[in-house]
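The values are calculated or read from the model by the stated rules, or taken from the named source; none is laboratory data. Treat the numbers as computed from the prediction; the structure is a model and nothing was measured. Note that each Cβ is placed from the backbone with ideal geometry, even for glycine, and that neighbours are counted across all protein chains shown.
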Amino acid sequence: MLLLLTACSSVGETTSEASELPSEQVVSSDVEVDDSSGLSGSLGLVERPGPRRQTTGDVPHIQLDAVPVASLDAELKRRVFSLPGVEERESARSLPGAAGLWLTDSLELARGEVLGDGREMAHIHPDGSLHVFLPVELAMEVEQTKWGELHPWVGRAGFWDGVAMVYTPETMEEVEVAFGLVVASYNFVVGADIDPAEIG
């Protein structure tokens, strides 16, 4: 059951992810970003069942009650690294062991300025949770529907206000939602129009 109504990340990580998304590598949400594509709007997320997940509430921003499932983590990674021009690299913005989603130099970026210095649009933590750069409205929707929460640095000068944590997927339905959000990030930053269903 796909928990998105259309086809188509409260706070938390301890003190070694202080390097996560360092302020010199990101930009403020007051940067001029063209949202005329409509990608900044709602994706129709339904509320995630159950309580909100527990996180550190600070940087490093990690989930404390993650229940990673190896097969689901592998499936999410298989899908995200099947996106055109996305390479897996060690994250430059997170804890050791995090898998960075790096946009290759061959991709022309429509909104690369939201990423600041570099081309890492998301990363998956070793516990299966992930941080992703989203349109601000969608990041807020992720928090409101309990699929994740805003990064604790949102609102800080020099930091993109659309950075959200997406909680660790514990079911295939949650993998679908997490992947849909990664695709939304990709479409937003690259200026593409990929449907998640196109990625097998």
Which is under 14 Å from the mean Cα position of the chain (by Cα), within 21 Å of VAL175 (Cβ to Cβ) and among the aliphatic types (A, V, I, L, M), of ALA70, ALA66, ALA74, ALA99? ALA99
Go through (1) part of a strand (DSSP E or B); (2) within 18 Å of PRO84 (Cα to Cα) and name the single condition ALA164 misses. (2)
Number of the exception - ALA18 against (1) surrounded by 13 or more Cβ atoms within 10 Å (Cβ to Cβ); (2) at pLDDT 95 or above; (3) not in a loop (DSSP other than H, G, I, E, B): (2)
Apart from one, (1) surrounded by fewer than 20 Cβ atoms within 10 Å (Cβ to Cβ); (2) hydroxyl-bearing (Ser, Thr, Tyr); (3) in contact with a His (Cβ under 6 Å, 6 or more places away or on another chain) all hold for SER94; the odd one out is (1)
Exactly one condition in (1) at pLDDT below 50; (2) farther than 26 Å from PRO196 by Cβ; (3) surrounded by 13 or more Cβ atoms within 10 Å (Cβ to Cβ); (4) out of contact with any Ser or Thr (no Cβ under 7 Å at 6 or more places or on another chain) is false for LEU39; which is it? (2)
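Among the residues of the range 49-65, are any of a type outside the set (Asp, Glu), loosely packed, with under 13 Cβ neighbours inside 10 Å and modelled with pLDDT of 95 or more? Working first, answer last.
Filtering the range 49-65 down to residues of a type outside the set (Asp, Glu) leaves 49-57, 59-64.
Cutting the leftovers down to loosely packed, with under 13 Cβ neighbours inside 10 Å gives us 49-51.
Now narrow it down to the ones that are modelled with pLDDT of 95 or more: none.
Among the residues of the range 49-65, not one is of a type outside the set (Asp, Glu), loosely packed, with under 13 Cβ neighbours inside 10 Å and modelled with pLDDT of 95 or more, which makes the answer no.
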From the list GLU174, GLU108, GLU141, pick out the single residue that is farther than 29 Å from PRO51 by Cβ and not aliphatic (A, V, I, L, M). GLU108
From the list ASP73, ASP105, ASP127, which residue is crowded, with 17+ Cβ neighbours inside 10 Å, at pLDDT 95 or above and charged (D, E, K, R)? ASP73
Which pairs turn up if I take residues in the range 39-53 that are among the basic types (Lys, Arg) and look for partners that are modelled with pLDDT under 90 and surrounded by 12 or more Cβ atoms within 10 Å (Cβ to Cβ) with beta carbon separation below 8 Å, at least 6 apart in sequence or on another chain? ARG48/LEU3; ARG52/SER10; ARG53/GLY12
State whether one or more residues within the range 184-200 are surrounded by 24 or more Cβ atoms within 10 Å (Cβ to Cβ), aromatic (Phe, Trp, Tyr) and in a helix (DSSP H, G or I). yes
Going through the range 135-159 in order, the residues found to be more than 16 Å from PRO60 (Cβ to Cβ), within 12 Å of the chain's Cα centre (by Cα) and part of a loop (DSSP other than H, G, I, E, B) are PRO135, TRP147
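If you take the residues in the range 167-183 that are in a loop (DSSP other than H, G, I, E, B) and in contact with a Leu (Cβ under 8 Å, 6 or more places away or on another chain), which one is surrounded by the most Cβ atoms within 10 Å (Cβ to Cβ)?
Taking the range 167-183 as the starting set, the residues that turn out to be in a loop (DSSP other than H, G, I, E, B) are 167-171.
Adding the requirement that they be in contact with a Leu (Cβ under 8 Å, 6 or more places away or on another chain) leaves 169-171.
On the way: PRO169: 25, GLU170: 16, THR171: 12.
It comes out as PRO169.
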Inspect the range 84-98 for any residue being touching a Gly at 6+ places or on another chain (Cβ under 7 Å) and of a type in the set (Val, Ile, Thr) and give the result as yes or no. no
